[in-house]
Amino acid sequence: MIFRFSLYGFLKNQRYFEPFMMLFLLASGNSFAAVGFLIGFREFCINATNIPAGAIADLYGRRRCMLVSYLAYMIAFLCFGLCPNQLPYLFIAVFFFGIGEAFREGTHKSMIFTWLRLNDRLDENTRVYGYTRSWSKIGSAVSIPIATAIAYFTDNLNTLFLAALIPYGIGFISLCTYPKELDGRPEGKVSGKRVFAHMGQTLHDSVKLPGLRRLMLESMAFEGYFDVIKDYIQPMLKAMVLGIPVLLAVGDERRGTLLIGGQKLVGEYEMEVGVPVLSKIPGINRLFTNRGTTKSSQTILILVRPKIIIQREEEYKSFGMNFDAVPSMLPAAGAAPARP
C-alpha cells in the first residue's frame with residue numbers, strides 16, 4: 001500500500017499544463033479580465049463544494065470520492081484539450097477541474113491514516129506520510145522537463161492537457177485497486193438532507209470539542225496569513241535570490257547595493273477639529289469647526305549589499321594579528337621563559 005500511496009502522489013502532480021496555464025488562457029485572445037473570471041470561478045467551485053465533498057466522502061466512501069475526483073479531472077482535461085478555446089467551453093472545463101480538486105483535497109490523506117490505523121501503525125504516521133509526500137514532490141520536479149519537452153516539440157499547448165490523461169488514467173486504475181476498507185464507514189445511499197445533517201454535526205463538534213476547536217483556529221490563522229503574504233513576499237524573495245550570486249561574483253570594492261523591491265503607500269485623511277458643544281450646533285457649527293485634508297506618502301525600499309567576511313582577514317585588519325597564531329607564540333608547557 002505504501003507503494004500505491006507513493007504512486008498516487010507522484011502521478012497526481014503530473015500536471016504538464018500548469019506552467020503554461022496562463023499562456024494557454026491568453027493565447028486564444030481572452031483578456032486578463034476574462035482569465036481572472038475563470039480563475040475566480042474555479043476557486044468558487046472548489047470552495048463551494050469542498051465541505052460538501054468531505055461530507056459525501058464520509059457518508060459514501062473516500063475511495064469512491066477519489067474515483068469521482070479523477071473522472072472530473074479527466075473530463076476537464078478533455079475539454080481543455082479538444083474543445084475550442086472559447087469562454088463557454090473554458091468555463092465548463094474549469095468547473096469540472098474545480099469539482100476534481102474539491103473531492104480530492106484531504107481525502108487521500110484520510111485514506112492513508114485509515115490504513116495506518118487498521119494495521120496498528122499509527123506511530124509511523126509521520127514517517128509514512130513524509131515518504132509519500134516526498135514522492136509527490138519528486139513528481140512535481142519530473143513534470144517540469146516533460147511539460148517543457150511536450151510544449152517544445154508539439155508547439156500546441158492543448159497537447160499538455162491530453163498528455164496529462166495518461167498519468168491520471170494510471171492513477172484512476174491504481175485507486176480502483178485500493179481495498180474497500182479505506183472507504184471508511186460509508187452509510188449507504190447519499191441524500192442532500194443527510195449530507196447537510198452530517199455537515200452540521202461536524203461543525204458542531206469542531207466548535208464544541210476543545211481539541212478540534214484549537215486545531216481549526218490554528219489552521220485558519222496559518223493558512224489565512226500564508227495566503228495573504230505569499231504572493232506579496234515571493235516576488236521580492238525571488239529577486240533577492242537571483243541578485244545575490246551576481247553581487248557575490250564581483251570584488252568587494254566594486255560591489256554595490258541592489259534594489260530588489262519596495263512599495264509606496266499613499267494615504268489621504270480628512271480631519272475635523274472643533275470646539276466642544278458649539279461645533280455640534282447646526283447653523284453655527286462651521287464657525288467653530290476646522291476641517292482639513294492630510295495626504296501622506298511612504299516609500300519602503302528593500303536594499304541588499306552582500307559582503308563576505310573572512311575571519312582571519314578581519315582579525316588582521318582590526319588587531320594587526322591573526323589569533324589562530326597566538327598559541328604558537330606562547331612558550332610551551334614546562335619550558336623555561338626566555339631571558340631578556
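The values are calculated or read from the model by the stated rules, or taken from the named source; none is laboratory data. Computed from a predicted structure; not experimentally measured. When we count neighbours, we look across all protein chains shown, and the Cβ atoms used for this are built from the backbone with ideal geometry, even at glycine. These area figures cover heavy atoms from the full protein model, side chains too; ligands, DNA and RNA do not enter into them. Shrake-Rupley method; radii C 1.70, N 1.55, O 1.52, S 1.80 Å.
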Self-check item: Meets criteria (over 27 Å from ILE146 (Cα atoms), of a type in the set (A, V, I, L, M) and open to solvent by less than 40 Å² (accessible area, probe 1.4 Å)) for ALA93
Solution: no
Exercise. Any residue in the stretch 25-50 that's part of a loop (DSSP other than H, G, I, E, B): show its pairings with residues that are open to solvent by less than 40 Å² (accessible area, probe 1.4 Å) at Cβ separation under 8 Å, as long as the two are six or more apart or on different chains.
Key: ASN30/LEU38; ASN30/LEU90
Quiz item: Out of (1) under 23 Å from the mean Cα position of the chain (by Cα); (2) open to solvent by 30 Å² or more (accessible area, probe 1.4 Å); (3) more than 30 Å from VAL128 (Cβ to Cβ); (4) of a type outside the set (Lys, Arg), the odd one out for LEU87 is which?
Solution: (1)
Quiz item: Quick one: ILE166 ticks every box in (1) part of a helix (DSSP H, G or I); (2) at pLDDT below 90; (3) of a type in the set (Val, Ile, Thr) bar one, so which box is it?
Solution: (2)
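Okay, residues lined up against (1) under 27 Å from SER6 (Cβ atoms); (2) in contact with a His (Cβ under 9 Å, 6 or more places away or on another chain); (3) of a type outside the set (A, V, I, L, M, F, W, C):
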position	(1), (2), (3)
PHE24	no, no, no
GLY29	no, no, yes
ALA34	no, no, no
ASN85	no, no, yes
GLY98	yes, no, yes
THR114	yes, no, yes
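Determine, yes or no, whether ALA76 is touching a Gly at 6+ places or on another chain (Cβ under 8 Å), more than 26 Å from THR148 (Cα to Cα), open to solvent by less than 10 Å² (accessible area, probe 1.4 Å) and assigned to a helix (DSSP H, G or I). Outline the logic, then answer.
Values: touching a Gly at 6+ places or on another chain (Cβ under 8 Å): yes; more than 26 Å from THR148 (Cα to Cα): no; open to solvent by less than 10 Å² (accessible area, probe 1.4 Å): yes; assigned to a helix (DSSP H, G or I): yes.
Considered against the rule, which asks whether it is touching a Gly at 6+ places or on another chain (Cβ under 8 Å), more than 26 Å from THR148 (Cα to Cα), open to solvent by less than 10 Å² (accessible area, probe 1.4 Å) and assigned to a helix (DSSP H, G or I), ALA76 comes out as no.
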Quiz item: Could you say which residue among ILE99, ILE138 is buried (at least 20 other Cβ atoms within 10 Å of the Cβ) and either within 21 Å of the chain's Cα centre (by Cα) or of a type outside the set (Val, Ile, Thr) (or both)?
Solution: ILE99
Quiz item: Which one of the conditions (1) farther than 21 Å from SER110 by Cα; (2) of a type outside the set (Phe, Trp, Tyr); (3) at pLDDT 85 or above; (4) open to solvent by 50 Å² or more (accessible area, probe 1.4 Å) does ASP155 fail to meet, given that it meets all the rest?
Solution: (3)
Exercise. Count, please, the residues in the stretch 169-196 that happen to be in a helix (DSSP H, G or I), modelled with pLDDT under 70, open to solvent by less than 80 Å² (accessible area, probe 1.4 Å) and among the hydrophobic types (A, V, I, L, M, F, W, C).
Key: 1
Practice problem: Within the stretch 72-80, identify whether any single residue is of a type in the set (Gly, Ala, Ser) and at pLDDT below 80, and answer yes or no. | Solution: no
